[in-house]
Structures are given as C-alpha cells and as structure tokens.
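Each remark here refers to the structure printed beneath this line.
The values are calculated or read from the model by the stated rules, or taken from the named source; none is laboratory data. Just so we're clear, the structure is a prediction, and the values are computed from it rather than from any experiment. Counting neighbours? That spans all protein chains shown, and the Cβs are built from the backbone with ideal geometry, glycine included. Just so you know, the surface numbers come from the protein's heavy atoms only, side chains and all, with ligands and any DNA or RNA stripped out. Shrake-Rupley method; radii C 1.70, N 1.55, O 1.52, S 1.80 Å.
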Amino acid sequence: MPIQFEATHTEGLSRLGTLKTPHGAIQTPALLPVINPNLLLIDPATMQDDHGVQAVITNAYIIKTDDALHERTLEQGVHDAIGFNGPIMTDSGTFQDYVYGDLDLDPHDIVDFQRRIGTDIGTILDIFSTPDRSKNQARQDVDETTQRAKETLPKAHDMTLALPIQGATYPQERERAARHASQLEPPGGAIHPIGGVVPLMEDQRYATLTRIILAAKRGLTPKRAVHLFGAGHPQMLPLAVYLGCDLFDSAAYAKFAHDERLLFPWGTVHLNDLDELPCTCPACHDTTPDELNNQPPYERAQTLAHHNLHATMQEMKRIRQAQREGRLFDLVTERLTTHPHLARALTVLQEHTPQLEQQEPTSSKRGIQLLEHTYTTHPQTHRAHDRIETRFHPRGPLTLLDPTQRPFTANAQDTVQALRDRGTHPFFPSRLGPVPYDLDEAYPFSQCLEPPLTHDHLQQQAKKLEHLAQHWDTTTIEPQTALEEEPTHDADLTHERVEATAAYQFGPHAATALLEGTIRIETSPRTGRVRTVHANDEHILSRRAYDGLFTLKLAGARRIHEAIDAPRLRIQVQPDSALFNADGKTVFAKFTLACDQSLRPGDECLIVDPDDTLVACGRLTVTPQEALELEHGPAAKVREGIGKDAYKAP
Ligand code: GUN
Ligand code: ZN
C-alpha cells in the first residue's frame, strides 16, 4: 500500500495533514513518543488512552539485539510485542551507533528486520551527520546515506520507509540530500526525517537548526511528510511545525523525568526548584513537589513522565488549533521569546521571509494579528510589500493618511475624495507597510489586528512611502499641501477601488485588460460596498464578502487570457482534464502540466490546455510546486468552465 499523505497549508511552511498507515491514519502534525521496550515509564496502551497518543516510535536495533525480545517480536509482530495497536514507526540503530560508536550493523538486515516485525514505517540505517563534520565529510555522509537508501530500499517491500536527510550544518548539503531523497520511490511510500540534529538541540543552537530545516524543505517534495528526529520539547515544537515539520519523535518526556525535570511550553524546571506544581494535569493536580520527593524514585519518574507527556501532547493540540485559527505565528513568537537561545531563530525566520511566504494562503476567513516585536518577520508583511511595490504604479504624488481615521470610508471620505480630485494618492500607515487607501477593505489589510502605531512607526512609514515614491518615479506630499491645489478632475472612488483591488490580485496589466470598455459596478445599497463588476455588460468580477477580494468570472478570465501571455496566471492541464474542467469540475494535481510560479494558494487563476486554450477559471488551492508534484487531490477549484461542448481538444 503506497502511503498517502495529504495536507493543507496553514501559516509559514506549516500544514495540517493526514498520514495513512496500515494501522490507521495519523493526524499531523503529530508527536510519536519513543518507546524503549526495556525501560517503560508509561505503557503504550495508556499513552493511547490517557494522553491521546496516535502513534509511537520504537527502536528496531534495541529489539533486534535483545534475544528474548527479538524472538517474541518476530513471532507476534511489533504491535502485539509492545502492546500498541495504532501506527508504529521504528528507528534503525543509527542513533545508538552515534551514541555508543561503531556498532556492527548491517544496513540490509536492519531494514529486512523492520519489515519482518511488521512495523508501519521503518527507517534505513542512515549516517548520523554531526554538527562538527566538515563540508567534505558532510557531503560523504549525504552520499553514503543516499547510497544506502537506494541499496536497501528493495528490502522494505511495501513497508513505508523513513529516508533521512543528513548534511551536518551545511544548508547546501541538506538541500542536496533532500533532492536526492525526494527522487527515490519506495513501493510502500516514504517520509523524510531530518536527522543529525539532536546535538544541535542539546546545545540550544536553534538558529542553525532553523537554517537546516529550511534548507531541507527547499529540496523536499511537498508530497511527503517531514519528520524531525529527536525533537519533542514543547518549547520548540511550534517553531518546528511552522518550518514545515509534520512528525516528531521524542524521548524527552522520559529522559527528563529520570532527571526529575518537568517540561513546560516555557521551558524546563527541576523538581527541586518548585514550591508548587504550576500545572493542573492529571499527574500534577493532586500532588506537590514535597510529596513527589518522598516517593520512591521509579514512581516519581513515572509521575513526572506522565506530566511531561501531557505537557507535550497538550502543546501539539494547541499547535493544531492555532493552525486552524491562523494563530500559529503568534504561538511561535510567544514560545521563541521565552528564551534568548530560541529568540535567535527569529532572526533566521526574518532572513527567510521569501521562502516562508511561498505557501501561505492569500486569504483566510480569519484576519491576521501582528504583534509588536514580530510584525517585520511576518510573511504577510513581506507579501503585502512585494505585491504593492510590483503591482501598483501611481502617477501622482503619494501622501499618508491619519491611521486613527480608519475605516476611511466612514471617517475620511471627504479628505480622500479631495485628495484624489487633485491627483494625489492616499496611503495609510500600517504594520504591513504603507497601504494604498483603496485596499483598506481587502485581505489582509481589512482584518489585520495590530498594536497602535507609535511616533517612531509613523516616521518609519513616511520613509517607506518615500522609498515607494522613488521606486515609482513620483514624489510624496503632505495632505495639507496637496489640498491647497485646485482640483483637476472628479475622481470616481468606487471605480478606483475596483482597479486597485484587481491590480493587487492580478497585476497591473491584467487589471487594465479587465477594466477596458464600459464598466458598471453594482454596490450594496446598505454598505456601499462593491458586489459585482461588469465590463461591456459582461459580468467579470464578484467581490467576496469575507475577504474583500475578487473572484474571477469566465468573461473576466477571457479578458486576462487575451491580454496576458502564458504562463502568467495560468495552470495548464492535460487535454482529458481540460474537458472535465470545461464542464466545471475540479482540477486534480495529477493532470497538471505547468503552473505560474508566482501564484500562491488561494489566488484566482486561469485553467488552460496544452495549446493555451482557456477552458475554465477558478482558484488555486495548493502551491504551484504541489500542483505539479502531488499525485493525489485537487490543485484548483473550478468556478466556471466554458462548457464541455465548447471545448475542442488539440
Ligand atoms: N534519532 C535521532 N537522530 C537520528 C538520526 O539522525 N537518524 C536516525 N535514524 N535516528 C535518529
Ligand atoms: Zn502536570
């Protein structure tokens, strides 16, 4: 059974998905607690019942080298042997080889053994590429790991294989490793763990860890789940999910319990440093540090392990909920600011906003929230700036409105009208940068919660506006000065708003093509908001109420198609699919041939056949890379097709 991983994008590179295994599906992101069959603090069935654990990981090397366990596991299968009926992943012994040195392990045997004990996801014997490896050594580690993956892959038969990404601290090597691994096709499917990172986490080198994960993600195919080996401290899980890791495994809950330490999302605390337990989980709610100190060591370790696992699983739930609510970035920044070492990762995030922006949807039913210290890192800030700078080209001078007058349609309509009548373009200052007044009611500007702008921010915004003016070859002006001029014309603010929104979504040339001819705009009698746009009596655009953005009608798509050359704004599909899509049916990724790389999930798009014949218009639901690489699931929702009778295949 080839494994199936399906996921949808949330913020940054994060995703919510489902990983199907022979023992059931795992909702991702998910954490797999490490089970050491010789050293159980919590038995796996209790993990499932009391902690909501969906899947576990255990170690094939440990099982294989223990005579009794070896026999029993071969006989009963790993699920019965450890007493867990959900999905089980096994690791290969690579980590033990790194810790104890030079274990005599055979890469073929270990994969074969994992298949024979019936594990759901087995791991190859990769080379643990430690952070102190030189670039040449790292290259060798990557090559050797790739070679082993290729050679031992046939031994897996239809077992899913974990093919780890190594490469020490070198982003280039990590990316190269990821590209190689992505090309391998085990019959039972694959997941990709990022390996060799435990020493980095032990040394709290989160900036390096972040760079490594981002590099691996650049090379990895989006169709497979990504695992982060040895990560399980609740404090860093939101970051790892944000960077696009779907699976985690960790022995931290048990290791820290043996050391009498408690895990919390804000850090680790030693039992001796606590006068009371700052937790109400089932393990903590009716006990005290004193009572725990009086327990026998093993019992105490068990209680602490329960607390630690609880804290970890709770953080995973919190993460998934934050993803659903569009609040993951907030959670990430909250956790990263709990410790200076973690805070270093923020700088790396900031350096990588273009990568982090690529998968984030262009719209959401919920708004975004920008926080004081982090708004410059937010991918939406980067996107807004980029789209405004490249898709607008105001000819007259630019001016800044007073942000306290938002919403401007209610509080500053006369000022805006007077400015526009004099050829001046009003912008409003926000944490997302200076935004054209016309986009005030469109996502993300309309639903962006942000702290009040201070005097410093306003000065920054004035500078940014200056920069934009230079870029567009125009000037800036104070509103009062602009208003001293005589009006030169009577501006149609509704029409301008339509033009600006179309330019923001589709680019300036497409906007011009859309709005050629006689334009009629229907507005809501109650709110005055745009509802539909008609050009020469053809319905070309509708405004979506929840995000203020346009959806494209077929007549609009035709205009864009005529004016803008391929591949811009297009997703190209096979002729069979084109016929289906012309009939109004969904575009499946399996049938996509090409996709405009500048599109983002949620963008409106044209659906064309290999001859660039327009067959439908709709909305991209995945990234352009996914549209090309995914083997299952939709790539775009069709809104309107030309009709199957109107389509002639090439
Ligand atoms: N456990 C922690 N790190 C690693 C790694 O790099 N490879 C494998 N196979 N297991 C691990
Ligand atoms: Zn607790």
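Structure notes:
- Accessible-area value, T527, 1.4 Å probe, nucleic acids and ligands omitted, Å²: 70
- With pairing defined as another cysteine C-beta under 4.7 Å, the cysteines of the chain that fail it are C245, C281, C448, C595, C605, C617.
- Debye-sum result for the stretch 550-650 in log10 I(q)/I(0), which assumes one identical scatterer on each alpha carbon, at q = 0.19 Å⁻¹: -0.77
- Taking every DSSP bridge with both residues inside the chain, close to 60 percent are antiparallel.
- Cα-based radius of gyration for the chain, normalised by 2.2 N^0.38 Å, reads 1.09.
- Nearest 10 degrees, 0 to 90: helix 297-325 Cα axis against the chain principal axis: 20
- Legend: calculated FRET efficiency, R531 to L184, from the Cβ-Cβ distance at R0 = 56 Å, rounded to 0.05, equals 0.65.
- Summing Lys and Arg as +1 and Asp and Glu as -1 over all other residues whose Cβ lies under 14 Å from the Cβ of T312 gives a net charge of +3.
- For the stretch 414-534, the fraction of C-alpha pairs farther apart than 26 angstrom is 25 percent.
- Euclidean distance between Cα centres, the stretch 317-392 to the stretch 500-556, Å: 29
- Using the Cβ-Cβ distance between D645 and E562 with R0 set to 30 Å, the FRET efficiency works out to roughly 0.85.
- Degrees, to the nearest 10: 206-219 long Cα axis against longest axis of the chain: 70
- Geometric descriptor of the stretch 298-430, per residue, is 160 Å³ (volume of the convex hull of the Cα atoms).
- Across the chain, the relative contact order, built from alpha-carbon pairs under 8 Å that are at least six residues apart, equals 10 percent.
- Segment Y298..R218, full-extension length gain: 24.4 nm, with 0.36 nm per residue of separation and the alpha-carbon distance subtracted.
- Sparse-neighbour loop sites [chymotrypsin sites (Phe, Trp or Tyr not before Pro); the stretch 578-650; at most 12 other C-beta within 10 Å; DSSP]: none
- Taking label points 7 Å from Cα along the Cα-to-Cβ direction, R324 and D490 give a separation of 5.3 nm.
- For the stretch 608-650, the Kirkwood hydrodynamic radius comes to 11.6 Å, computed from all pairs of different C-alpha atoms.
- Using θ = phi - 60° in the Karplus curve 6.51 cos²θ - 1.76 cosθ + 1.60, the 3J(HN,Hα) couplings for the stretch 270-276 round to 7, 3, 5, 8, 10, 8, 9 Hz; x is entered for Gly and Pro.
- Computed log₁₀ I(q)/I(0) - Debye formula, equal Cα scatterers, no solvent, the stretch 7-132, q 0.10, 0.14, 0.20 Å⁻¹: -0.35, -0.66, -1.17
- All Cα-Cα separations within the stretch 1-61 were binned at 5 Å from zero, giving a P(r) of 4, 15, 21, 21, 18, 12, 7, 2, each value a whole percent of the pairs.
- Residue-wise HN-Hα couplings along the stretch 462-477, as the Karplus relation 6.51 cos²θ - 1.76 cosθ + 1.60 with θ = phi - 60° gives them from phi, are 4, 5, 5, 5, 4, 4, 4, 4, 4, 4, 8, 6, 9, 10, 10, 8 Hz; Gly and Pro carry x.
- 5 Å binning of all Cα-Cα separations within the stretch 102-178, expressed as whole percents from 0 upward: 3, 18, 25, 20, 16, 11, 5, 1
- Within-12-Å neighbourhood charge of G86 [Cβ basis; K, R +1; D, E -1]: -2
- Summing +1 for each Lys or Arg and -1 for each Asp or Glu among the other residues whose beta-carbon sits under 10 angstrom from that of F329 gives -3.
- Exposure here means at most 15 other Cβ atoms within 10 Å; with GluC sites (Glu not before Pro) in a DSSP loop as sites, the longest stretch of the chain lacking them is 1-275.
- Cα coordinate range in the stretch 389-434, projected on the principal axes (Å, largest first): 28, 28, 13
- 3J(HN,Hα) couplings calculated from phi for the stretch 406-423 with the Karplus curve 6.51 cos²θ - 1.76 cosθ + 1.60 (θ = phi - 60°) are, in sequence order, 5, x, 5, 4, 8, 10, 9, 4, 5, 4, 4, 4, 5, 5, 5, 4, 9, x Hz; Gly and Pro show x.
- Counting only lysines at least 8 places from K317 when in the same chain, those with an alpha carbon closer than 30 Å to its own are K20, K217, K223, K255, K365, K637.
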